[in-house]
Amino acid sequence: MPIAITRAPSPAMSRCELTHLPRQAIDPDAVRAQHRRYERVLTELGVELVRLPGDPDLPDCVFVEDTAVVVDELAVITRPGAPSRRGETAAVEAALAGYRPLARITAPATLDGGDVLRVGRRIFAGLTQRTSRDGIDQLGAALAPFGYSVTAVPVDRCLHLKSAVTQVAGGTVLVNPDWVETGAFAPLEVLAVDPTEPAAANTLLVNRVLVVASAYPRTAERLQRAGLDIVAIDMSELAKAEGALTCCSLLLGD
Ligand code: CIR
């Protein structure tokens, strides 16, 4: 059974990092309810949860994806690009130590897990404000012994690579072509988000079911037409902190 590490939203989430969105009040009850629903959907899809407590000193701690890159053989603890987020790795590292050997991205390199997309043994790593070239090189060096190839991909106008592209089925990715060059993903099949829903590319594939955000019905229709099995959930409160589906879990195993 796959395992997912999740972490409760911080009571200080209103002080989260923001890059593209204006600051809006975040309703702590609404964000907790959406996060619980997210966790319940993972459980319903056959995932066992390892739930970490939120931290009042770490406003973005719910977005655990950014703190590690996990493959079957290893977990690489990141060094998040935003200094306010670097304290998030300790609790996740302690949790992962029970499941995988550990490696670490070291200073001055930076890497956010949201910039890392794995499709089989191919790893795409976004070059963004959060992830540096040497962060990607360190990731490549840690994973090369296990047969993974890491390709750096320039990303424009969004926070992370996985804001622009995620895997939606075995050989298929969902992309916003305005934010990332689709050529990088050949020979994978590329589906595009509906042009009116630029942020719809972040989806979460769990046990062959695709979890999508209910805010993007047109893209969901495209995915359904492509024959994919989808579950839509409301992520609107988490989205005020520029978080989406992949950000809220670290999946161990497929
Ligand atoms: C941040 O800016 O770091 C958070 N407010 C949002 C992080 C979202 N994480 C992700 O996409 N992997």
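With the full set of protein chains in place, find how many percent of the accessible area of the range 2-57 is carbon and sulfur; take the probe as 1.4 Å. If you can, show how the numbers build up before the last one.
Details: 1500 of 2940 Å².
Accessible surface attributable to carbon and sulfur in the range 2-57 totals 51 percent.
Please compute the per residue accessible area over the chain with all protein chains in place, 1.4 Å probe, rounded to a whole number of Å².
Averaged over the residues of the chain, the accessible area is 42 Å².
Considering only the other residues whose Cβ falls under 15 Å of the Cβ of residue 113, what net charge follows from Lys and Arg at +1 and Asp and Glu at -1?
Numbers: positive: 7, 79, 85, 86, 100, 104, 118, 130, 162; negative: 17, 60, 65, 66, 88, 93, 112, 115, 242.
Summing Lys/Arg as +1 and Asp/Glu as -1 gives 0.
For the range 1-133, calculate the relative contact order in percent as a whole number, restricting contacts to Cα pairs under 8 Å that are 6 or more residues apart. Let's see the in-between values first.
Numbers: 218 pairs, mean separation 31.5, N = 133.
Here the relative contact order equals 24 percent.
Pop out the carbon and sulfur fraction of the accessible area of the range 103-254 as a percent, whole number, probe 1.4 Å. Numbers along the way, then the final one.
Details: 3240 of 6310 Å².
Carbon and sulfur atoms account for 51 percent of the accessible area of the range 103-254.
Largest first, how would 102, 45, 161 line up by accessible area (1.4 Å probe)?
Correct descending sequence by accessible area is 102, 45, 161.
Top to bottom by accessible area (1.4 Å), largest first, where do 52, 127 land? Could the numbers behind the result be given before it?
Values: 52 25, 127 50 Å².
Putting 52, 127 in descending order of accessible area: 127, 52.
Report the net charge of residues surrounding residue 191, where surrounding means a beta-carbon distance below 13 angstrom and charges are Lys +1, Arg +1, Asp -1, Glu -1.
Numbers: positive: 218, 222, 225; negative: 189, 194, 197, 221.
Every neighbour counted, the sum reads -1.
Please give me the summed charge of the neighbours of residue 149: other residues whose Cβ is under 15 Å from its Cβ, Lys and Arg +1, Asp and Glu -1. Intermediate results must be reported in sequence, preceding the final value.
Details: positive: 118, 121, 122; negative: 73, 137.
Within the 15 Å Cβ shell, the charges total +1.
Between residue 149 and residue 90, what FRET efficiency comes out of the Förster formula 1/(1 + (r/R0)^6) with R0 = 25 Å and r the beta carbon distance, rounded to 0.05?
0.25
Kindly provide the trypsin sites (Lys or Arg not before Pro) of the range 179-225 that DSSP labels as loop, not H, G, I, E or B, and whose Cβ sees at most 14 other Cβ atoms within 10 Å. Don't skip to the answer; put the middle values down first.
On the way: sites: 208, 218, 222, 225; in loops: 208.
Sites meeting the loop and neighbour criteria: 208.
Just to confirm my numbers, what's the Cα centroid distance between the range 130-187 and the range 197-254 in Å?
18
Quote the relative contact order of the range 114-240 in percent (integer), defining contacts as alpha-carbon pairs under 8 Å separated by 6+ residues. Before the final figure, lay out each step's value.
Values: 223 pairs, mean separation 22.5, N = 127.
Value for the range 114-240: 18 percent.
With an 8 Å cut-off on Cα pairs and a minimum separation of 6 or more residues, tell me the relative contact order of the chain in percent.
On the way: 542 pairs, mean separation 54.9, N = 254.
Relative CO of the chain lands at 22 percent.
Please list 38, 99 from largest to smallest accessible area, probe radius 1.4 Å, with all protein chains kept in place.
Details: 38 5, 99 95 Å².
My answer, sorted largest first, is 99, 38.
The values are calculated or read from the model by the stated rules, or taken from the named source; none is laboratory data. The model shown is predicted, which means the values in this text are computed figures rather than measured ones. Using ideal geometry, Cβ is built from the backbone for each residue, glycine included, and neighbour counts are taken over all protein chains shown. Each accessible area value is taken on the protein alone, full model and side chains, heavy atoms only, with ligands, DNA and RNA left out. Shrake-Rupley method; radii C 1.70, N 1.55, O 1.52, S 1.80 Å.
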